[in-house]
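Reviewing the structure listed below.
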Amino acid sequence: MRVLVVEDEVELAAGIRRGLEAEGYAVDVAYDGIDGLWRATEHEYGAIVLDLMLPGKNGLQVCAELRAAGRWTPVLVLTARDGERDETQSLDTGADDFLAKPFSPVVLAARLRALLRRGAGERPTELRAGDLRLDPGSRRVWRGDDELALTARETSLLEFLLRRKGETVSKLQVLDNVWDDMFEGDPNIVEVYMRRLRNKVDRPYGRHTITTVRGSGYRLDGPDG
Ligand code: CA
């Protein structure tokens with residue numbers, strides 16, 4: 001069984017590798033999010049051990065992009081902080097389990113075994129807000145029976161809002177998650193894209209799914225909250 005470990009702390013990564021190799025796993029290590037995502041997309045792994053705080057792309061982004069690409073390899077997220085929010089967010093982006101640092105190699109191996117036994121399992125494929133639906137696997141979007149023509153960026157933006165349905169997200173959060181870390185342009189690009197998105201998913205249907213929250217950001221609501 002081949003396992004990918006994405007962890008930027010070299011010593012910790014080496015420790016995890018030793019522990020898992022002792023359990024009979026073949027282990028590949030990536031030291032940043034970009035390489036991790038690339039490996040996870042290019043190779044078939046039995047499972048992925050994914051750190052959250054990573055250079056390049058953080059663990060949540062890696063997991064979300066992997067799921068968006070239709071890859072359902074079981075993911076065990078390592079959280080540095082004892083943050084309930086991290087854990088909830090990890091599960092929202094499609095992680096299967098999480099383990100708070102520091103942990104013992106024995107516990108990691110046991111959690112990984114449990115994860116592998118459970119397998120990839122059934123996934124909720126569709127994100128919805130009322131009759132607005134997005135399929136993260138195929139990147140297709142519908143309002144009722146109409147399929148909408150969204151660009152890749154508009155789709156990513158809508159996916160981000162749908163995954164945080166009912167929450168207010170700041171312009172900065174949108175930039176961090178929908179544009180890559182290298183983006184150094186005008187943050188007002190977010191407004192431009194919000195307008196385009198509304199013109200496609202809301203306006204023609206007389207809806208107000210996406211609201212601007214004055215001074216703080218944006219929120220997508222569904223009839224179901
Ligand atoms: Ca880290």
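Summary table
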read-out: Region 61-72 - residue that is open to solvent by less than 30 Å² (accessible area, probe 1.4 Å) and either free of Cβ contacts under 8 Å to residues at least 60 places away in the same chain or in contact with a strand residue (DSSP E or B) (Cβ under 8 Å, 6 or more places away or on another chain) (or both) and, of those, farthest from the ligand (Cβ to nearest atom); value: L66
read-out: Criterion (assigned to a loop (DSSP other than H, G, I, E, B) and at pLDDT 90 or above) met by exactly one of L157, L150; value: L150
read-out: Among (1) closer than 16 Å to A68 by Cβ; (2) basic (K, R); (3) open to solvent by 60 Å² or more (accessible area, probe 1.4 Å), the one test that R133 misses; value: (3)
read-out: Candidate set: region 13-25, residues that are open to solvent by less than 50 Å² (accessible area, probe 1.4 Å) and out of contact with any Pro (no Cβ under 6 Å at 6 or more places or on another chain); chosen: the one modelled with the lowest pLDDT; value: Y25
read-out: Set V169, V213, V190: member being over 27 Å from V62 (Cβ atoms), open to solvent by less than 40 Å² (accessible area, probe 1.4 Å) and modelled with pLDDT under 95; value: V213
read-out: Count of region 172-187 residues which are charged (D, E, K, R) and buried (at least 16 other Cβ atoms within 10 Å of the Cβ); value: 1
read-out: Whichever residue in region 26-60 is of a type in the set (S, T, Y) and over 12 Å from E7 (Cα atoms) and, among such residues, is least open to solvent (accessible area, probe 1.4 Å); value: Y45
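Okay, residues lined up against (1) of a type in the set (V, I, T); (2) closer than 23 Å to V178 by Cα; (3) within 13 Å of the ligand (Cβ to nearest atom):
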| position | (1), (2), (3) |
| --- | --- |
| L4 | no, no, no |
| R18 | no, no, no |
| Y25 | no, no, no |
| Y31 | no, yes, yes |
| G36 | no, yes, yes |
| V49 | yes, no, yes |
| K57 | no, yes, yes |
| T79 | yes, yes, yes |
| T93 | yes, yes, no |
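The values are calculated or read from the model by the stated rules, or taken from the named source; none is laboratory data. Only a predicted model underlies this, so the values are computations on that prediction, with no experimental measurement involved. Note that we place each Cβ from the backbone using ideal geometry, even for glycine, and neighbour counts take in every protein chain shown. Please note that ligands, DNA and RNA were not included when accessible areas were found on the heavy atoms of the full protein model with its side chains. Shrake-Rupley method; radii C 1.70, N 1.55, O 1.52, S 1.80 Å.
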